[in-house]
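What follows is a short report on a single structure.
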Amino acid sequence: MTGTVGIEVGWIDHVLAAEFPDLALRYVVVEARLEASPPELLGQLADLSTRFRGRQAIALPTKPVPSAYRAFFRQIGLDPDVHRNPAEAVSYNRIMRGTFRSFNRVADSILATIVETHIALGALDADALSMPLGIRPGDDGVLGLVDADHRIGPLFGSPEHPFEPSARTEHVAVTAVGVAGIPSWMLDHALWRVADHLGFALDSEEDPSVR
Amino acid sequence: MTVIENGAVDLRLVPTRTTRHEFHRQIARLERELSASLVSLDPARRPLAKPSPTAQPHLLSDAELESTRDALVARLGEIEALLVRQSADRDQARALLKRMSDAPAEYRWVTVTTKETGDEGCRTWQSVPVMGPVGILGNWWRIRMSSGCP
């Protein structure tokens, strides 16, 4: 599975953008199935498991990227010690289970990239989506990830059923959410890393921020 | 928003975008300081987070932003107090270890760990009798240091 794909810039509701000028959404759609991970990705996960220790997990909240997400969580009414950001959630699971557990190629690619970059990444079933993706408050006031027609799920939460990648998924949208303190190139870098793991090359010539 | 005489609005009291951004800035700073303080605190001493699983991400009102900031200030104060207590306990443990080393017989079977002194590793120092019963009968004690982490 090889090819070149581009990074898309998600839209941010104008009220949210005024409140959080640095809130950003980037995503990439790739052809991918929830198949077993290749040996090299499994080896990489095992290597990350070995190198990741309790001391790193304890210090994680002070690192720049997790720290930026923690601040943003407070600003949107979430307690980051209860609702963990993705980097802290995977580190908590690693400490509790003793290893980074493998699920499938898509989940493992995202897991490895979160461990490496700390960026909040997620996966969606792209075939169920009507592009473009964006972030806006719903009628109930809950900040959510949305597409042109649907609310996909709460921001930093699990996607609702039809949008979650499943055994029938053929295309996956990998999303990266940025907040104040996280430059956009870090989101692009994280998406490049996921694409690498999935066997794609992202078109780095095109700067998605220039539109 | 406060309405003063003639129906005019006291603009000084109107929450502005700048005020909200200032709340955000304060919250981010307090959260960074809280995280840094928590890293220095022994995990066993950390107060448990109060679970609020029903909380959903939303735009906070001005009052919520203010109460979030104030709650962080209170929590930071709580953590700082725990850090002071931890520092005092560690000084006490180091002083005890020093006294034990100087006069092991006066601290029979007393144990001090690196967890108590705040040092790295997992060593244990204990005042034990030399040659078992012989040391007990002869009041001959020494400090035995464990070999380290399992």
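Since every read-out is calculated from the coordinates, none of them should be taken as a lab result. All values reported here derive from a predicted model rather than from experimental measurement. Reconstructed Cβ throughout: ideal geometry from the backbone, glycine too, with neighbour counts over all protein chains shown.
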Region A:1-114: C-alpha pair distances exceeding 19 Å, %: 59
Expected-Rg normalisation [2.2 N^0.38 Å, Cα atoms] applied to region A:64-211: 1.03
What list do you get for B:D42, A:D140, A:D188 if you sort them by fewest beta carbons within 10 Å? A:D140, B:D42, A:D188
Please work out the ratio of the alpha-carbon Rg of region A:28-94 to 2.2 N^0.38 Å and round it to two decimals. 1.38
Cα-projected label distance for A:E35 with B:T113, points at 7 Å along beta-carbon direction, nm: 5.0
Return the Cα extents of region B:18-142 along principal axes one, two and three, sorted largest first, each rounded to a whole Å. 75, 27, 19
Summing -39500 (n - 2.57) over every DSSP H run of at least 4 residues in chain A and dividing by its residue count gives a helix-only mean residue ellipticity at 222 nm, to the nearest 500 deg cm²/dmol, of -11000 deg cm²/dmol
Across every pair of different alpha-carbon atoms, what Kirkwood hydrodynamic radius in Å does region B:18-82 reach? 13.0
When only C-alpha pairs under 8 Å and at least 6 residues apart count, what is the relative contact order of region A:87-211, in percent? 24
Radius ratio Rg over Rh of the protein assembly as shown, counting only Cα atoms, Kirkwood formula for Rh: 1.11
Residue span A:V82 to A:D127: 0.36 nm per residue of separation minus Cα-Cα distance leaves a gain in nm of 13.0 nm
Mind ordering B:84-95, B:123-134 by average Cβ neighbours within 10 Å, highest first? B:123-134, B:84-95
Hull volume per residue for region B:57-111, using the convex hull of the C-alpha atoms, in Å³ is 87
At 7 Å along the Cα-to-beta-carbon direction for both A:D140 and A:E170, put a label point, then send me their distance in nm to one decimal. 3.3
Where nothing but the Cβ of Lys and Arg (+1) and of Asp and Glu (-1) is charged, how large is the charge dipole of chain A around its Cα centre, in debye to the nearest 20? 1060
Percent antiparallel among DSSP beta bridges confined to chain A, nearest 5, equals 85
Which of the lysines could a cross-linker bridge to B:K115, judged by Cα under 21 Å and excluding same-chain residues fewer than eight apart? B:K98
Answer in debye to the nearest 20: the dipole magnitude of the protein assembly as shown about its Cα centre, from +1 Lys/Arg and -1 Asp/Glu charges placed on Cβ, is 2220
How large is ³J(HN,Hα) for each residue in region A:10-23, as worked out from phi by the Karplus curve 6.51 cos²θ - 1.76 cosθ + 1.60 (θ = phi - 60°), to whole Hz, x for Gly and Pro? x, 8, 10, 3, 5, 5, 5, 5, 5, 6, 10, x, 9, 5
